[in-house]
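Colleague: Quick one: the structure is below, and I'll ask about it shortly.
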Amino acid sequence: MCDSNNVDKPLNLSYLEKISGTNTKFIITTIDLFNSHIPKLMEEIEDAIALQNWDKIAFLVHKMKTSFGYLGREDIIEDLLEIEQFALTKVGVANIVFCFGHVKASINKLSAQLIHYKNQLAN
């Protein structure tokens, strides 16, 4: 179940740099989109968890998965897949809460890393 050892994983934007052709403006725009879009989805997921709205949880975490591939965080994708499966099979809210807590910690760390990286690019 959700591996908490990956929370402090180093930032790896090699895929984003590759697809952008190291275009700084594209990278900054991608980081800005991520940092504005993901917190809203996280809040919606938290609300859906509180209501035990399994379908909405599954839909929202499925929607989030793609963003993390661009940012080199396959571990977060795996955790989101696990949450999605818990929601689809209605295994129980405790498993979802546990995994979502881990995902949230990973995303908070990633967001901080992205802001730091963006600031370095801007200078």
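The values are calculated or read from the model by the stated rules, or taken from the named source; none is laboratory data. Just so it is clear, the structure is predicted and the values come from calculations on it, not from any experiment. Methodologically, a virtual Cβ is constructed for each residue, glycine included, from the backbone with ideal geometry; neighbour enumeration extends over all protein chains shown. The accessibility values were calculated without ligands, DNA or RNA, using every heavy atom of the protein model including side chains. Shrake-Rupley method; radii C 1.70, N 1.55, O 1.52, S 1.80 Å.
Colleague: Can you pull out the residues in segment 50-68 that are open to solvent by 60 Å² or more (accessible area, probe 1.4 Å) and assigned to a helix (DSSP H, G or I)?
Modeller: Of everything in segment 50-68, those that are open to solvent by 60 Å² or more (accessible area, probe 1.4 Å) and assigned to a helix (DSSP H, G or I) turn out to be Ala50, Asp55, Lys56, Phe59, His62, Lys63, Thr66.
Per-residue answers, yes or no, for (1) of a type in the set (D, E, K, R); (2) over 19 Å from Ala112 (Cβ atoms); (3) at pLDDT below 90:
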position	(1), (2), (3)
Asp3	yes, yes, yes
Thr24	no, yes, no
Phe34	no, no, no
Ile49	no, yes, no
Trp54	no, yes, no
Glu82	yes, yes, no
Gln85	no, yes, no
Leu88	no, yes, no
Phe98	no, yes, no
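Colleague: Looking only at residues that are assigned to a helix (DSSP H, G or I) and out of contact with any Leu (no Cβ under 9 Å at 6 or more places or on another chain) in segment 88-99, which one is least open to solvent (accessible area, probe 1.4 Å)?
Modeller: Applying the first criterion (assigned to a helix (DSSP H, G or I)) to segment 88-99 yields 88-89, 93-99.
Filter once more, keeping what is out of contact with any Leu (no Cβ under 9 Å at 6 or more places or on another chain): 88-89, 93-98.
Details: Leu88: 95, Thr89: 84, Val93: 46, Ala94: 74, Asn95: 42, Ile96: 1, Val97: 80, Phe98: 112 Å².
Applying the filter and picking the extreme gives Ile96.
Colleague: For Asp8, only one of the following conditions fails: (1) touching a residue at least 24 places away in the same chain (Cβ under 8 Å); (2) charged (D, E, K, R); (3) under 28 Å from Leu88 (Cα atoms). What is its number?
Modeller: Among (1) touching a residue at least 24 places away in the same chain (Cβ under 8 Å); (2) charged (D, E, K, R); (3) under 28 Å from Leu88 (Cα atoms), Asp8 violates only (3).
Colleague: Turning to a different aspect of this structure: Being open to solvent by less than 20 Å² (accessible area, probe 1.4 Å) and either touching a Phe, Trp or Tyr at 6+ places or on another chain (Cβ under 8 Å) or part of a helix (DSSP H, G or I) (or both) is the filter; apply it to segment 73-83 and report the residue that is farthest from Ser14 (Cα to Cα).
Modeller: Result: Ile83.
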